[in-house]
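The values are calculated or read from the model by the stated rules, or taken from the named source; none is laboratory data. The model shown is predicted, which means the values in this text are computed figures rather than measured ones. Every residue, glycine among them, receives a Cβ derived from its backbone with ideal geometry; neighbour counts consider all protein chains shown. Each accessible area value is taken on the protein alone, full model and side chains, heavy atoms only, with ligands, DNA and RNA left out. Shrake-Rupley method; radii C 1.70, N 1.55, O 1.52, S 1.80 Å.
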Amino acid sequence: MAEFTMELNDEQKEVRDWLHGFAADVIRPAAAEWDEREETPWPVIQEAAKVGIYSLDFYAQQYFDPTGLGIPMAMEELFWGDAGIALSIVGTGLAAVGVLANGTEEQIGTWIPQMYGDQNDVKVAAFCSSEPDAGSDVASMRTRAVYDEAKDEWVINGTKTWATNGGIANVHVVVAVVDPDLGSKGHASFIVPPGTPGLAQGQKFKKHGIRASHTAEVVLDDVRVPGSCLLGGKERLDERLARARERAKASGGERVKNAAMATFEASRPAVGAMAVGTARAAYEVALDYATTREQFGRPIIDNQGVAFQLADMRTQIDAARLLVWRASWMAVNGKRFTAAEGSMSKLFASETAKKVTAQAVQILGGNGYTREYPVERMHRDAAIYTIFEGTSEIQRLVIARTLSGMPIR
Ligand SMILES: Cc1cc2nc3c(=O)[nH]c(=O)nc-3n(C[C@H](O)[C@H](O)[C@H](O)COP(=O)(O)OP(=O)(O)OC[C@H]3O[C@@H](n4cnc5c(N)ncnc54)[C@H](O)[C@@H]3O)c2cc1C
């Protein structure tokens with residue numbers, strides 16, 4: 001087990017500086033254009049693939065870094081560049097993690113390379129769990145997967161929503177109900193291979209922020225996938241369902257509800273790190289502006305009212321980073337989240353990003369309210385962090401339930 005450290009080692013510093021260079025030289029200059037276009041920034045993803053940032057190798061290296069700091073450090077730097085473009089670059093990683101976490105070695109080897117494509121023909125992947133009537137309440141999911149034993153195929157029907165890269169992905173990872181009596185314990189994940197008939201993009205959303213990231217509905221109409229596309233395989237699924245049925249029987253047959261709320265505990269610090277990146281970016285712009293903009297014959301930072309805001313902003317960003325790093329270290333080193341530390345980190349970092357970006361707009365005055373300055377975009381982007389991967393309210397619910405052991409509603 002790696003000891004918890006707040007100091008990046010030399011190799012990590014090198015990677016951080018390299019990522020920072022890419023974020024500053026490639027991502028940041030392209031941010032305003034792709035925000036306006038509201039389209040996937042394929043040329044930037046391609047550039048990231050060329051230098052090795054958009055690749056399974058890079059992602060896996062950071063993911064398995066024993067200090068736990070690899071992923072948060074990478075996310076912070078990329079999202080410091082721009083949240084929408086960075087999500088277009090790391091969105092595939094979210095689907096890849098779904099396969100890494102649940103797939104067999106063969107599935108990992110087959111599908112993850114197809115998620116990324118290659119340098120000359122980059123592809124993206126999508127993770128489709130949310131539905132119009134199943135957002136926070138994952139257990140209400142209705143997309144159904146039924147096994148056709150004669151053909152060894154699964155038939156999937158339903159509508160997914162809010163899928164990052166949904167419809168434009170080469171590979172879709174789809175979560176579906178295989179046993180409706182078991183709530184979220186009756187869910188399973190499937191690979192939908194490229195070109196599978198029956199999968200279509202529905203509405204593409206026009207969003208408030210992270211507009212360079214593609215978000216859309218995914219409609220599944222009698223989608224047939226081979227048995228080998230069930231992540232983890234049929235035998236493991238049958239064993240898992242049998243155990244869940246036993247537990248449901250023991251608890252008087254009560255439907256197992258909302259268990260998935262805690263499932264993402266280990267991945268939440270990564271979203272916290274994205275929020276830290278956006279917050280830090282806005283803080284830096286505000287600090288720079290406050291030291292150069294003059295009113296009443298002196299820089300505006302000369303006023304405590306402005307300087308104290310910057311002091312609070314920086315304090316909260318550093319505190320958020322510490323919570324994120326702690327939770328990420330815990331996740332990588334198999335420490336139990338006895339106080340929902342993953343949720344804590346996501347909750348605090350995402351709320352910090354919203355607050356800090358709003359303060360940055362205020363410090364830039366009229367300029368902060370225009371698209372001439374990046375804090376306006378950063379403020380719009382920051383609003384996503386308190387919504388996806390579990391809203392702030394759901395994080396509080398997970399934390400409160402974990403602390404109290406009570407079924408708080
Ligand atoms: C840009 C974007 C990208 C996304 N990407 C993906 C993706 O790639 N894959 C994917 O599967 N999903 C994705 N999502 C979906 C995202 O995870 C959901 O939007 C989120 O889980 C919230 O669900 P909802 O939107 O249905 O809100 P709801 O669950 O309807 O919540 C609405 C409000 O009610 C509150 N609320 C709900 N239940 C409770 C409760 N019990 N106690 C207190 N308050 C409560 C919420 O906190 C929220 O404020 C994405 C969403 C967005 C906007």
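What to note about this one:
- Shape box of the range 64-135 [Cα atoms, principal axes, largest first, Å]: 35, 33, 31
- q = 0.06, 0.07, 0.10, 0.13 Å⁻¹: log10 I(q)/I(0) that the Debye formula gives for the chain, counting C-alpha atoms only: -0.25, -0.34, -0.68, -1.14
- Here, the range 1-132 yields an orientationally averaged convex hull projection of 9.6 nm² when only Cα atoms define the hull.
- Each pair of Cα atoms in the range 128-233 enters the Kirkwood radius, and Stokes-Einstein at 20 °C and 1.002 mPa s then converts it into a translational diffusion coefficient of 154 µm²/s.
- Of the residues TYR373, TYR385, the one with the largest accessible area comes first in the ranking TYR373, TYR385, computed with a 1.4 Å probe on protein heavy atoms.
- Extended-chain gain in nm, criterion 0.36 nm per residue less alpha-carbon gap, PHE4 and PHE308: 106.3 nm
- Per-residue 3J(HN,Hα) values for the range 101-118, derived from phi via the Karplus relation 6.51 cos²θ - 1.76 cosθ + 1.60 with θ = phi - 60°, read 6, 10, x, 7, 4, 5, 5, 4, x, 7, 8, 5, x, 6, 5, 8, x, 10 Hz in sequence order (x marks Gly and Pro).
- As a length-normalised measure over Cα pairs under 8 Å and 6 or more apart, the relative contact order of the range 344-409 settles at 33 percent.
- Nearest-0.05 FRET efficiency for ILE387 and LYS206, computed from C-beta distance (R0 22 Å): 0.90
- With Cα atoms, 0 to 90° folded angle of helix 392-404 axis to the chain main axis: 70
- FRET efficiency for the SER404 to ASN120 pair, using the beta carbon distance and R₀ = 51 Å, is estimated at 0.40.
- Exposure of VAL271 as accessible area (Å², to 10), given a probe of 1.4 Å and all protein chains: 10
- Fraction of accessible area attributable to carbon and sulfur, the range 11-156 (%, probe 1.4 Å): 48
- On a per residue basis, the convex hull of the C-alpha atoms belonging to the range 78-174 measures out at 136 Å³.
- Helix 28-37 axis, angle to the chain major axis (alpha carbon atoms, nearest 10°): 60
- Dividing the Cα radius of gyration of the range 335-391 by its Kirkwood radius returns 1.15 for Rg/Rh.
- Entry note, the chain: relative contact order of 17 percent, from Cα contacts under 8 Å with a spacing of 6+ residues.
- Rounded accessible area of LEU323 (nearest 10 Å², 1.4 Å probe): 40
- Pairwise Cα distances in the range 232-368 exceed 21 Å for 58 percent of all pairs.
- Solvent-accessible area assigned to carbon and sulfur over the range 277-377 amounts to 52 percent, based on a 1.4 Å probe.
- Normalised per residue, the accessible area of the chain is 45 Å², obtained with a 1.4 Å probe and no contribution from ligands, DNA or RNA.
- Note that the range 206-214 has calculated 3J(HN,Hα) couplings of 9, 10, 5, x, 5, 6, 7, 8, 7 Hz, one per residue in order, obtained from phi through the Karplus relation 6.51 cos²θ - 1.76 cosθ + 1.60 (θ = phi - 60°); glycine and proline are x.
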